[in-house]
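Contents: one structure, followed by commentary.
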Amino acid sequence: MITATARRRANPVAALLASLFMLAVGAAPLDARQLPGMGLLEGSVTVAKPLGPLTVYAYNAERRIGYMVYVVGGRYRATNLFPGQYEVTLRGTVGQRNWSLPQQTVKRRIAAGKTATADFAVGDVVAPPTYVGGMTYPDAQVQSYDVIYPPGPARDTLERVCFGCHTSSFYPYNVVRTYPTGRTQLDRDGWGLTVDRMAHGLGFFAPGKPSYFDPLLLSPTERDALVDYLGANFGPGSTPRAVRQDSDPPLDEAALAKAQIVEYRFPNDPKNEEEARFTHTPDFDGQGNVWIMDRGGESLVKIEPTKGRITDHQGHGGGEFLVTDRDGTVWYGGLSHFDPSKNLHDEYKFEGKPPRGIGISSLVMDSAGDIWLSMLTGGGLAKFDRKANTVVWWDVPILRSRPYGIIVDHDDNVWFAEYHNSGLGRFDPKTESFRHYALTVGAPTNIRRLGVDSKNFIWSATWGSRALQNGALYRVDPGTGAVDEYPIGIPYANPYDVEIDANDTVWIATDNHVMKFDPATRRFTSYPVAERTDIPKLAVTRDGAIWYGPRNAGQSGGYGGAAAVLYPDKDAIETFERVREERRPGRRL
């Protein structure tokens with residue numbers, strides 16, 4: 001648990017571990033709600049020496065469902081497992097230095113209404129060094145930050161100008177892979193062309209649009225020194241490296257003892273390596289189900305949690321975002337509509353010869369059911385008017401705004417993350433006016449997504465920052481423009497999304513963690529997830545379950561696709577049926 005202060009950027013302080021709560025971790029509480037027909041798994045874990053936090057992952061290959069719980073006080077317990085055969089694995093914890101510990105696996109059968117046990121013992125083992133971040137870097141040398149990035153003025157420039165959009169291991173991992181997990185190999189001249197394109201070229205190659213960052217941030221002298229630095233340290237012959245993790249984010253054992261993560265997995269097709277699955281945005285229909293976008297396989301995947309069933313609608317996909325209607329239909333991509341009951345797929349395009357696709361990044365519905373679209377690459381904002389059956393476009397008059405994540409507030413104002421402008425934008429549909437709210441100053445900072453609470457305050461986070469990717473959470477007062485800042489306390493983190501639950505608790509998606517922020521106490525609680533990944537989008541249910549897709553675990557890690565859910569209190573689960581929080585703006589369909 002971390003305590004943060006507002007705006008003055010005081011360093012987060014690790015809270016004391018609440019060990020008194022651990023006395024009864026191994027046994028189910030008296031008021032635990034075990035669903036009918038489900039089973040339990042529990043056991044003990046002994047270690048020869050302290051190894052840091054451990055986890056247990058139980059996987060049912062027949063149903064393709066995995067359950068992850070945390071080992072606290074030498075015990076673990078998983079609830080509400082579907083009956084069947086499981087592989088139960090003890091392993092390290094993602095986001096901690098012990099993530100690379102050797103794993104132990106045993107087989108157990110889970111029966112309805114019964115408790116299975118699996119005990120583990122760990123000898124005198126040493127975890128090899130691991131690296132930071134939510135991307136997988138196979139065969140990389142793991143080195144300290146100062147070894148990979150020799151200190152000096154050129155490094156200062158790199159951190160100030162370039163780290164707002166790129167992770168700490170992006171430069172040293174010299175392997176050609178799909179962006180953002182890899183890059184083209186470049187010599188000094190190649191780096192020079194790249195830096196110049198970032199500073200002076202058209203962002204996303206969009207005609208008439210500005211460059212990725214303000215060229216005034218980089219003097220000619222700094223530019224030449226930066227190019228020399230990149231060429232000398234990250235040229236085509238350099239060894240692929242990743243930044244070593246030298247410290248662990250603090251964890252709250254009392255919170256972890258109560259928590260459980262469930263994953264619904266859909267593997268890669270071994271015959272089609274070009275379409276590795278990587279999942280992005282989850283949402284809930286009006287029938288208790290979860291839908292998630294699989295960008296790699298270009299499919300929409302439906303999860304029926306009450307039945308433990310996964311239905312893969314291949315050939316219906318593209319883009320990265322979706323929203324569902326109460327009738328069970330899905331809006332997604334740019335701009336498409338899918339009716340699973342009739343297997344019908346409509347795609348909307350701008351008129352012209354030939355018709356032009358509607359390239360969007362995110363979409364959200366307002367109180368009238370119209371759909372607002374963020375046009376990242378085109379720097380625009382658009383609305384699909386359902387009654388008129390047309391799309392209206394506004395060019396955002398804010399330099400480098402490039403709308404990415406998008407929401408509507410309680411007054412149907414449209415808010416968007418300004419991807420390359422270090423802030424948030426607001427559009428008033430009544431007056432058709434825009435307003436910019438700066439989150440950071442002095443360096444370009446990537447802003448990905450945002451949320452709104454019951455008081456109409458807007459919350460967001462910096463995906464990248466000049467302080468070595470140490471992201472922060474921000475709260476914006478729309479009336480006064482005041483901005484409060486809360487550092488999240490995870491080195492090199494890249495917080496991506498912010499969602500608010502029915503109690504105004506703030507949930508943050510960042511590399512390898514789902515985080516909770518309590519505005520009343522200003523405390524963060526981190527929940528490490530089941531695999532190394534970034535998390536581009538959260539979705540919060542009415543009963544407080546947090547759904548997400550582990551994107552980069554699939555894109556670069558070979559994990560396949562998954563829809564995952566964090567239950568902060570596994571003993572409070574009353575149903576697996578997924579119901580959206582209807583009181584949140586953007587949920588009035």
The one condition in (1) open to solvent by less than 30 Å² (accessible area, probe 1.4 Å); (2) within 18 Å of V476 (Cβ to Cβ); (3) more than 26 Å from the chain's Cα centre (by Cα); (4) not basic (K, R) that F384 fails to fulfil: (2)
Cβ-Cβ under 9 Å, sequence separation 6+ or interchain: first residue in the stretch 36-59 and among the acidic types (D, E), partner open to solvent by less than 20 Å² (accessible area, probe 1.4 Å) and assigned to a loop (DSSP other than H, G, I, E, B). Which pairs? E42/G26; E42/A118
Of all residues in the stretch 314-362, count the ones that are among the polar types (S, T, N, Q), touching a Ser or Thr at 6+ places or on another chain (Cβ under 6 Å) and open to solvent by less than 10 Å² (accessible area, probe 1.4 Å). 2
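Among the residues of the stretch 281-303, write down those that are open to solvent by 20 Å² or more (accessible area, probe 1.4 Å) and modelled with pLDDT of 90 or more.
Answer for the stretch 281-303, where residues must be open to solvent by 20 Å² or more (accessible area, probe 1.4 Å) and modelled with pLDDT of 90 or more: just K302.
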Considering only the stretch 453-464, state which residues are open to solvent by 10 Å² or more (accessible area, probe 1.4 Å) and either touching a helix residue (DSSP H, G or I) at 6+ places or on another chain (Cβ under 7 Å) or within 22 Å of D511 (Cα to Cα) (or both). W463
With open to solvent by less than 30 Å² (accessible area, probe 1.4 Å) and either at pLDDT 90 or above or within 21 Å of T431 (Cβ to Cβ) (or both) as the only criterion, which of W372, W394 stands out? W372
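Does G123 satisfy the condition of being surrounded by fewer than 18 Cβ atoms within 10 Å (Cβ to Cβ) and in contact with a helix residue (DSSP H, G or I) (Cβ under 9 Å, 6 or more places away or on another chain)?
Details: surrounded by fewer than 18 Cβ atoms within 10 Å (Cβ to Cβ): yes; in contact with a helix residue (DSSP H, G or I) (Cβ under 9 Å, 6 or more places away or on another chain): no.
No, not satisfied.
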In this structure, does A154 turn out to be among the aliphatic types (A, V, I, L, M), out of contact with any helix residue (DSSP H, G or I) (no Cβ under 7 Å at 6 or more places or on another chain) and open to solvent by less than 40 Å² (accessible area, probe 1.4 Å)? no
Can you pull out the residues in the stretch 541-572 that are open to solvent by 10 Å² or more (accessible area, probe 1.4 Å), in contact with a Lys or Arg (Cβ under 8 Å, 6 or more places away or on another chain) and farther than 14 Å from G296 by Cβ? R542, P568, D569, D571, A572
Go through the stretch 59-80 and count every residue that is part of a strand (DSSP E or B) and within 23 Å of the chain's Cα centre (by Cα). 7
If we keep just the residues of the stretch 97-111 that are out of contact with any Pro (no Cβ under 8 Å at 6 or more places or on another chain), assigned to a loop (DSSP other than H, G, I, E, B) and over 11 Å from V56 (Cβ atoms), which is most open to solvent (accessible area, probe 1.4 Å)? P102
Determine, yes or no, whether L439 is touching a residue at least 12 places away in the same chain (Cβ under 8 Å), among the aliphatic types (A, V, I, L, M) and over 19 Å from F321 (Cα atoms). yes
Which of the residues spanning the stretch 501-516 are in contact with a Lys or Arg (Cβ under 7 Å, 6 or more places away or on another chain) and under 19 Å from N456 (Cβ atoms)? A502, T505, W507
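Of I490, I508, which residue is open to solvent by less than 10 Å² (accessible area, probe 1.4 Å), more than 14 Å from E263 (Cα to Cα) and either of a type outside the set (D, E, K, R) or part of a loop (DSSP other than H, G, I, E, B) (or both)?
Working: I490 fails: open to solvent by less than 10 Å² (accessible area, probe 1.4 Å).
It is I508.
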Restricting the stretch 478-487 to residues that are closer than 20 Å to T445 by Cα and not small (G, A, S), which is surrounded by the most Cβ atoms within 10 Å (Cβ to Cβ)? Y486
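Residues that are free of Cβ contacts under 8 Å to residues at least 24 places away in the same chain: find the strands (runs of 3 or more DSSP E) completely inside the stretch 273-345 holding 1 or more of those.
Numbers: elements: 279-284, 290-294, 299-304, 309-314, 322-324, 330-332, 336-339.
It comes to 299-304, 309-314, 336-339.
The values are calculated or read from the model by the stated rules, or taken from the named source; none is laboratory data. None of the values given here were measured: they were computed from a predicted structure. Please note: Cβ atoms are built from the backbone with ideal geometry, for glycine as well, and neighbour counts cover all protein chains shown. What goes into the accessible areas is simple: the full protein's heavy atoms, side chains included, and nothing from ligands, DNA or RNA. Shrake-Rupley method; radii C 1.70, N 1.55, O 1.52, S 1.80 Å.
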